[in-house]
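The values are calculated or read from the model by the stated rules, or taken from the named source; none is laboratory data. Note that the structure is a prediction, hence the values are computed from the model and not measured. Cβ atoms come from the backbone with ideal geometry, glycine included; neighbour counts cover every protein chain shown. Quick note on the areas: whole protein, heavy atoms, side chains included, nothing else; ligands and nucleic acids left out. Shrake-Rupley method; radii C 1.70, N 1.55, O 1.52, S 1.80 Å.
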Amino acid sequence: MGLIGTFPSGKWFFYEEVLKVANYLIFDPSTGILEVHRLQNSGKYELRSPDENNRYWLEEMELFIGVWSGKRENRDGYWLRWWDKDGNLLLWGFELVEQERREKEAALQRLADLEKRLLNAGIEV
């Protein structure tokens, strides 16, 4: 006989008793409320408190997780985000692309300014 029908229903029980997942997160994107529960040696989840930045350190991932408020996918709201051990926000792919685009534009502008200064000084480029 399989597991179906032999255990009480519910994700909480399955993650705690069967899978024994180290961290169980509950996030409500409509309110921005995040609960993080840590599996204890007793085999039961215990509610954790966030740090001073309202984030949670997840040892297994060596990252913080927390709630970020802003616009993504044409929706203003609350989102789960990751931060590294130094507290730096890890960017989403589209944010990385935008950051690289801005950096490239700034470098090209610096190059154009330098070329202009050299030409004004009588130096051929």
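Can you pull the percent of region 1-98's accessible area that's carbon plus sulfur, 1.4 Å probe, other chains left in place? Walk me through the intermediate numbers first.
Values: 3670 of 6910 Å².
Whole-percent figure for carbon plus sulfur exposure: 53.
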If N is the residue count of the chain, its Cα Rg over 2.2 N^0.38 Å rounds to 1.74
Mean accessible area per residue over region 3-125 (1.4 angstrom probe, all protein chains present, square angstrom) is 76 Å²
In deg cm²/dmol, rounded to the nearest 500, the helical mean residue ellipticity at 222 nm of the chain, built from -39500 (n - 2.57) for every DSSP H run of length 4 or more, is -8000 deg cm²/dmol
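Sort region 24-64 into rounded, prolate or oblate with this rule: let a ≥ b ≥ c be the square roots of the eigenvalues of the Cα gyration tensor; rounded if a/c is under 1.5, and if a/c is not under 1.5, prolate when a/b is larger than b/c, oblate otherwise.
Numbers: a/c = 2.02, a/b = 1.34, b/c = 1.51.
Since a/c reaches 1.5 but b/c is at least a/b, the shape of region 24-64 is classed as oblate.
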The local net charge around Tyr78, scoring Lys/Arg +1 and Asp/Glu -1 for residues other than Tyr78 whose Cβ lies under 12 Å from its Cβ, equals +2
Computed for the chain: size of charge dipole around the Cα centre, +1 on C-beta of each Lys and Arg, -1 on C-beta of each Asp and Glu, debye to nearest 20, value 200 debye
Tilt, helix 93-120 to longest principal axis of the chain (alpha-carbon atoms), in degrees rounded to tens, equals 10 degrees
Residue by residue through region 10-23, the couplings from Karplus 6.51 cos²θ - 1.76 cosθ + 1.60 with θ = phi - 60°, in Hz, x for Gly and Pro, are x, 5, 3, 4, 4, 5, 6, 8, 9, 7, 6, 6, 4, 10
Other residues with Cβ under 15 Å from the Cβ of Glu124 give, with Lys and Arg +1 and Asp and Glu -1, a net charge of +1
For region 26-95 the GluC sites (Glu not before Pro) that pass both the DSSP coil test and the at-most-16 other-Cβ-within-10 Å test are Glu52, Glu59, Glu60, Glu62, Glu73
